[in-house]
1. Taking a temperature of 10 °C and a viscosity of 1.306 mPa s, what whole-number D in µm²/s does Stokes-Einstein yield for segment 91-149 with Rh from Kirkwood over alpha carbon pairs?
2. Roughly what would the spin-label model give for ASN127 and THR46, points 7 Å off Cα along C-beta, in nm?
3. Where a ≥ b ≥ c are the square roots of the eigenvalues of the C-alpha gyration tensor, would you call segment 152-223 rounded, which needs a/c under 1.5, or, failing that, prolate if a/b is larger than b/c, or oblate?
4. For the pair GLU141 and SER82, what calculated FRET efficiency results from E = 1/(1 + (r/R0)^6), where r is the Cβ-Cβ distance and R0 = 30 Å, to the nearest 0.05?
5. Using R₀ = 25 Å, calculate the FRET efficiency as 1/(1 + (r/R₀)^6) where r is the Cβ-Cβ separation of ASP94 and THR119; round to 0.05.
6. Compare the peptides 102-112, 216-226 by average per-residue count of other Cβ atoms within 10 angstrom and give them in order, highest first.
7. Please grab the % of Cα pairs in segment 104-248 that end up more than 27 Å from each other.
Amino acid sequence: MDKIIKITLGFFILILVVFVAFFSYMSYVDMTYRNSLTGTYSYTCTITTDSVLSNVTLFLPIPADLQGNSPVVAQISSRNVSGVPGNWTLTLFDTGKATLLKVSAPTIGQPAINGSAQTTSITFAVNASSPSLIDTHSPVENAAVFRPVQGIHGVACPAGETKTGSTPECFKYLTSSYADYTAAPSASVSISASLEATNSWRIFTPESNAYENQITMLTIHGENHGWVTTLGWIESGIGAYDAPTMSS
């Protein structure tokens with residue numbers, strides 16, 4: 001009888017040790033994940049022209065959630081934007097359907113030299129931290145993207161971009177930009193912007209997940225005084241999604 005009691009007691013002690021070890025391991029993993037978790041937004045916008053643009057006013061989509069807010073918007077509001085020329089003015093503009101960035105400049109570009117066009121390319125950027133976990137799987141519904149999002153539809157992701165263990169989804173859509181300026185008939189203007197939103201953490205090795213969002217305005221030739229069709233692209237669900245409490 002004593003032998004049975006000892007075996008039973010030993011079995012329960014073993015179960016208790018395993019349970020405590022498992023609980024301690026899971027607590028360590030969860031604490032390490034939460035303490036190392038960071039969310040970041042990296043936004044850039046590039047304006048390129050091969051001529052002189054005068055009296056420039058642009059309204060460009062910037063990454064925002066459905067309420068028109070985002071860490072990128074907050075940084076622009078605080079004037080924490082790098083690469084902006086001194087004679088430019090950046091202003092946030094809420095249309096009710098999207099948050100746009102108003103860019104005002106007396107001139108952009110430089111004149112031709114000896115008959116040769118001189119290309120000017122200006123890039124400004126914002127890097128912002130997220131106060132919470134970024135939903136990199138469903139950014140259109142729950143995170144910051146270039147809006148308004150119109151006619152969105154799924155497409156095949158570029159071959160070779162899928163990482164091990166990653167099942168990204170890709171989408172195309174239309175949005176709108178506004179460009180008003182005077183220029184020579186031969187002028188060529190292109191505007192593009194990109195956003196990369198990333199969650200990163202480290203438990204035993206570095207891990208991350210992300211989504212990417214790009215917009216490209218159709219190239220304008222000559223002067224312009226109105227809205228321009230702009231193409232949007234989203235690739236979501238990039239990276240690892242096996243960390244604990246990823247939905248929190």
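Throughout, read-outs are computed from the coordinates displayed, never taken from laboratory work. Here the structure is a predicted model, which means the values were calculated and not measured. Backbone-built Cβ (ideal geometry, glycine too); neighbour counts: all protein chains shown.
1. Diffusion coefficient, whole number: 102 µm²/s.
2. With each label point 7 Å from Cα toward Cβ, the separation is 1.8 nm.
3. prolate
4. So, using R0 = 30 Å, E works out to roughly 0.50.
5. Given R0 = 25 Å and the Cβ-Cβ separation, E is 0.15.
6. Ranking the peptides 102-112, 216-226 by packing returns 102-112, 216-226.
7. When every Cα pair of segment 104-248 is considered, 38 percent fall beyond 27 Å.
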